[in-house]
Amino acid sequence: MIKKHFTISIGLCLVLLLSCTRAERVDSELPNNTPKGQASVVDNDSEKNILQVAIGSKDHTTLVAAVQAAQIEHVLVNAGPLTVFAPVNSAFDALPEGTVENLLKPENKQQLATILTRHAAPGSYNQESLIKNADKGRKLYMATGDYLDIKIEGDDIFVGGAKILATVQTSNGVINVVDKVILP
């Protein structure tokens with residue numbers, strides 16, 4: 001009787017081991033580019049977050065490509081609030097020739113991430129709150145730890161030298177569309 005139970009136990013252990021080994025093989029066969037994290041969540045019912053709005057904008061294809069190359073999509077989908085100063089495609093085109101192509105190379109991922117992070121501020125800053133901060137002489141704290149000047153010239157608002165063209169409210173913060181890439 002003991003020998004029978006021992007044989008059954010060994011058989012069950014072997015079945016478990018084989019099933020675990022097969023599961024590991026299946027997992028290892030998945031491509032390395034399988035999206036992970038919050039950035040890969042598909043939700044058609046909720047309001048769009050910063051990343052989803054940017055992806056849907058024909059004027060921000062270069063910015064989206066840069067965010068993906070730097071692999072910082074997860075930052076733009078976090079709960080926030082977060083304010084992003086989103087350069088339009090023509091802002092990237094205005095950079096010296098070859099700059100964008102060079103930054104998109106895998107070996108420049110960290111430099112690209114730093115430049116993009118310089119366009120993000122913790123908190124929610126629409127045009128009205130930027131004007132209030134400018135009137136008080138405050139600078140805007142960015143996610144990189146830098147402080148950018150806020151200037152008002154007539155009806156125009158500038159942050160770090162970039163003119164705000166439009167503001168879009170999202171589920172996790174604010175996108176301020178700007179006409180320049182904010183560089184150190």
**Request:** Working only within the stretch 48-61, note down all residues that are more than 13 Å from the chain's Cα centre (by Cα) and either more than 23 Å from Thr99 (Cα to Cα) or among the polar types (S, T, N, Q) (or both).
**Result:** Lys48, Gly56, Ser57, Thr61
**Asked** For the stretch 143-172, which residues satisfy the criterion of being charged (D, E, K, R) and either at positive phi or touching an Asp or Glu at 6+ places or on another chain (Cβ under 7 Å) (or both)?
**Response** Lys163
**Asked** Just one of Lys105, Lys58 is farther than 21 Å from Ala162 by Cβ and basic (Lys, Arg); which is it?
**Response** Lys105
**Complete:** Taking the stretch 23-65 and keeping residues exposed (fewer than 10 other Cβ atoms within 10 Å of the Cβ) and at pLDDT 95 or above leaves Lys58
**Message:** So, in the stretch 91-126, how many residues would count as being touching a residue at least 40 places away in the same chain (Cβ under 8 Å), surrounded by 15 or more Cβ atoms within 10 Å (Cβ to Cβ) and farther than 20 Å from Ala65 by Cβ?
**Reply:** 3
**Asked** Residues of the stretch 66-90 being in contact with a His (Cβ under 9 Å, 6 or more places away or on another chain) and surrounded by fewer than 19 Cβ atoms within 10 Å (Cβ to Cβ), which ones?
**Response** Asn89
**Fill in**
Taking the stretch 76-90 and keeping only residues that are farther than 18 Å from Ser171 by Cβ and of a type in the set (Val, Ile, Thr), one is left with Val88
**Message:** Quick check on my filter: what residues within the stretch 167-184 are farther than 14 Å from Tyr125 by Cβ and small (Gly, Ala, Ser)?
**Reply:** Ser171
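The values are calculated or read from the model by the stated rules, or taken from the named source; none is laboratory data. Computed from a predicted structure; not experimentally measured. In this analysis, Cβ positions are derived from the backbone assuming ideal geometry, glycine residues included, and neighbour counts consider all displayed protein chains.
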